[in-house]
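Please treat every number below as a calculation from the coordinates, not as lab data. Everything numeric here is computed off the predicted structure, so don't read it as measured data. Note: ideal-geometry Cβ built from the backbone for every residue, glycine included; neighbour counts use all protein chains shown.
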Amino acid sequence: MSTTQSYQVVIVGGGAGGLELAAKLGRQFGRQHIFLVDKDSDHIWKPSLHEVAAGTLDIHREGLSYFMLARDCGFTFIQGEMTGIDREQRSITLAPVLGPDHEEVFPERSLSYGTLVMAVGSKSNFFSTPGTHEHALALDSTHQAERFRLKLLNELISVTRRAQREPGAPLYIN
Ligand SMILES: Cc1cc2nc3c(=O)[nH]c(=O)nc-3n(C[C@H](O)[C@H](O)[C@H](O)COP(=O)(O)OP(=O)(O)OC[C@H]3O[C@@H](n4cnc5c(N)ncnc54)[C@H](O)[C@@H]3O)c2cc1C
């Protein structure tokens, strides 16, 4: 790839695969050519999600800002969930990014590409096993891992409170 042309490589998904690719290409070709898109603003190493679920890893400390990584590694980061692709026009559509009070941080946008890399990862497959959708807890995202952690903590509190109501129960929680 010539760095004098405005050729754009767009990588969708800043996980284990996409982030490494963006960093390697960014260092070689620079931020005007290499674009990383992710729906989240921070990267969390997915193989550590079980630690988030167990409460031994704090996502607020471990997450790495994509904007910071982009500055350090020479690519451009664009936050937004990819919601559409126009292969004839060679462009993708990104949904608006909303803040905590649903205020618009970034509007809906489209982004042109010369080469598009889809690195959006995968999700748990329950293989239509009855009851899994209602009862199983997947660990595909930080949101799910954090939900697992809170549910586990609340379960422990409930069990402890039930045990305390029994005569002679030795357990205490403050
Ligand atoms: C608990 C756990 C433990 C694991 N342990 C290991 C291990 O020990 N060793 C090992 O080799 N592997 C392990 N894995 C598997 C490993 O994490 C995955 O194979 C790897 O993360 C896949 O990388 P990826 O880049 O394909 O996708 P991911 O890392 O899942 O990244 C996908 C990215 O795409 C983004 N994205 C998704 N959809 C969109 C969209 N529409 N628009 C914009 N962005 C989007 C997501 O936000 C995410 O950042 C583990 C996985 C889990 C869940």
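Could you tell me the extents of the chain's C-alpha atoms along the three principal axes, largest first, rounded to whole Å?
Projected onto its principal axes, the Cα set of the chain covers 78, 37, 32 Å.
Over the chain, what is the relative contact order in percent, taking alpha-carbon pairs closer than 8 angstrom and at least six residues apart?
Computed value for the chain: 23 percent relative contact order.
Can you tell me the FRET efficiency between Arg165 and Ser128 if r is taken as the Cβ-Cβ distance and R0 is 35 Å, rounded to the nearest 0.05?
With R0 = 35 Å, the Cβ-Cβ based efficiency is 0.30.
Collect residues whose amide H, placed 1.01 Å from N in the peptide plane, falls under 5 Å from the amide H of Leu36; neighbours closer than 5 in sequence don't count.
For Leu36, the qualifying residues are Ile11, Thr76, Phe77, Ile78.
Note down the nm distance, to one decimal, between modelled labels 7 Å out along Cα→Cβ at Ser158 and at Glu51.
Here the modelled spin labels are 2.9 nm apart.
Compute log10 of I(q)/I(0) for the range 3-87 with the Debye formula, placing one identical point scatterer on every Cα and leaving out solvent, at q = 0.11, 0.23 Å⁻¹, to two decimals.
Debye intensities relative to I(0), on a log10 scale: -0.33, -1.07.
Would you mind calculating the gained length between Ser6 and Asp40 on full extension (0.36 nm times residue separation, minus the Cα-Cα distance), in nm to one decimal?
9.6 nm
Mind checking the full-extension length gain between Met68 and Thr115? Use 0.36 nm per residue of separation minus the Cα-Cα distance, one decimal, nm.
Length difference between fully extended and current span is 14.5 nm.
Return the percentage of antiparallel bridges among DSSP beta bridges fully within the range 9-118, rounded to the nearest 5 %.
Just about 50 percent of them are antiparallel.
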